[in-house]
Amino acid sequence: MSRKVIVAGNWKMNKLPGEGAALATELRQQLSAEILKEAEVVVCPPFTAISAVAEALRGSAIKVGAQNVHWAASGAFTGEISAEMLKSVGAEYVIIGHSERRQYFGETDATVNSRLKAALAAGLRPIVCIGELEAERKNGETNAVLSRQIRGGFAGIDAAAMAQVVVAYEPVWAIGTGLTATPAIAEDAHRFIRAEFAALFGAPVADALRIQYGGSMKPENARELVACPDIDGGLIGGAALKAESFVKLIHEALAR
Ligand code: PGA
């Protein structure tokens, strides 16, 4: 099964609109048409920069995503944002269930599930994040945690809709810490995740599903990670904030 590599930049709470547009412009200048044919590249700015970044990328193959979406279409949800709102400013992807949202903002598997359903219904392509805490890994609970996140987060999702979905495995202990899972640790988790999706949706869906690794992926380790059979790209935080490192990382991922 050949799955197209997908590398997404999660800018988190960084970049004003002008800064985001400048970074996007550098990316479109530095990523050749050939590279963008081989790899799907997505950038996920904060809400306030989506419009400027989408404008800077108009006509380019680089896609734009958001970092969260609410499940309702509209209404009394102060501080939230709907799928249609995201689409209206040029977002095609949306990150759902990032561990920072789970840790700091009360995100649960149930809210991930609601957001996922709303994103799919609106035609946004979700990047759903899962991953264990350091203590959970130390206690030997990694697979149980991943299984719970998958079964809760994907409850009631149609197998047909899974073609739109990307999953990001992000061990929480590796995010923003400089600690990367070794390729062997990451591949073990990715293989387990793919088997879980096979159990839920069937082998063809699981075989086609792209699973990104996230957690201190950088130019220096991207190649060996993406070389693993079940790792199909990366969700990149820190290394996505500068064109030089993000472009280099994409080249390394494709050199797998
Ligand atoms: P990091 O972040 O690459 O800075 O570790 C990854 C993420 O949180 O998506």
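Excluding Tyr169 itself, what net charge comes from residues whose Cβ is under 13 Å from its Cβ, given Lys and Arg +1 and Asp and Glu -1? Intermediate values should be presented prior to the final figure.
Numbers: positive: Arg137, Arg191, Arg194, Arg210; negative: Glu132, Glu170, Glu187, Asp188, Glu196, Asp230, Asp232.
Local charge sum for Tyr169: -3.
As I understand it, the dipole of the chain uses +1 on the Cβ of Lys and Arg and -1 on the Cβ of Asp and Glu, about the Cα centre. Which of Ala227, Asn143, Ser114 lies farthest toward its positive end?
Ser114
For the stretch 11-166, I need the span (max minus min coordinate) of the C-alpha atoms along each principal axis, in Å, sorted largest to smallest.
Answer, in whole Å and largest first: 45, 38, 32 Å.
Can you tell me the alpha carbon radius of gyration of the stretch 132-180 divided by the globular rule-of-thumb value 2.2 N^0.38 Å?
Working it through for the stretch 132-180, the quotient is 1.36.
Compute and list, largest first, the equivalent-ellipsoid semi-axes of the stretch 140-239 from the alpha carbon gyration tensor, each √(5λ) rounded to a whole angstrom.
23, 14, 12
For Leu241, Leu57, what's the largest-to-smallest order of accessible area, 1.4 Å probe?
Most to least solvent-accessible, the answer reads Leu241, Leu57.
Could you order Trp71, Trp11, Trp173 by accessible surface area, starting with the largest, using a probe radius of 1.4 Å?
In descending accessible area the options line up as Trp71, Trp173, Trp11.
If Rh is defined by the Kirkwood formula over all Cα pairs and Rg also comes from Cα, what ratio Rg/Rh do you get for the stretch 1-101?
Rounded to two decimals, Rg over Rh is 0.99.
What 222 nm value per residue comes from the helices of the chain, counting each DSSP H run with n ≥ 4 as -39,500 (n - 2.57) and dividing by all residues, nearest 500 deg cm²/dmol?
Working: 12 runs with 118 residues, N = 256.
Estimated from H runs of four or more residues: -13500 deg cm²/dmol.
Can you tell me the relative contact order of the stretch 25-149? Whole percent, Cα pairs under 8 Å, sequence separation 6 or more.
20 percent.
How much net charge surrounds Ile211 when only the other residues with a Cβ under 13 Å from the Cβ of Ile211 are counted, with Lys and Arg +1 and Asp and Glu -1? Spell out each step's value before the answer.
Numbers: positive: Arg3, Lys4, Arg191, Arg194, Arg210; negative: Glu170, Glu187, Asp188, Glu196, Asp207, Asp230, Asp232.
Neighbourhood net charge equals -2.
Can you find, among Ser245, Leu209, Phe197, the residue sitting farthest towards the positive end of the charge dipole of the stretch 143-256, where Lys and Arg contribute +1 and Asp and Glu -1 at Cβ?
Going by the charge dipole, the pick is Ser245.
State, as an integer percentage, the relative contact order of the chain based on alpha-carbon contacts under 8 Å between residues 6 or more apart.
20
Compute the distance from the alpha-carbon center of the stretch 81-136 to that of the stretch 195-244, in whole Å.
A separation of 17 Å, based on Cα centres.
For the stretch 69-111, what is the relative contact order in percent, using Cα pairs closer than 8 Å and at least 6 residues apart in sequence? Write out the running numbers ahead of the final one.
Working: 24 pairs, mean separation 12.0, N = 43.
Once normalised by length, the contact order is 28 percent.
The values are calculated or read from the model by the stated rules, or taken from the named source; none is laboratory data. The shown structure was predicted, so the numbers you read here are calculated from the model rather than taken from an experiment. Every residue, glycine as well, gets a Cβ built from its backbone with ideal geometry; the counts of neighbours run over all protein chains shown. Just so you know, the surface numbers come from the protein's heavy atoms only, side chains and all, with ligands and any DNA or RNA stripped out. Shrake-Rupley method; radii C 1.70, N 1.55, O 1.52, S 1.80 Å.
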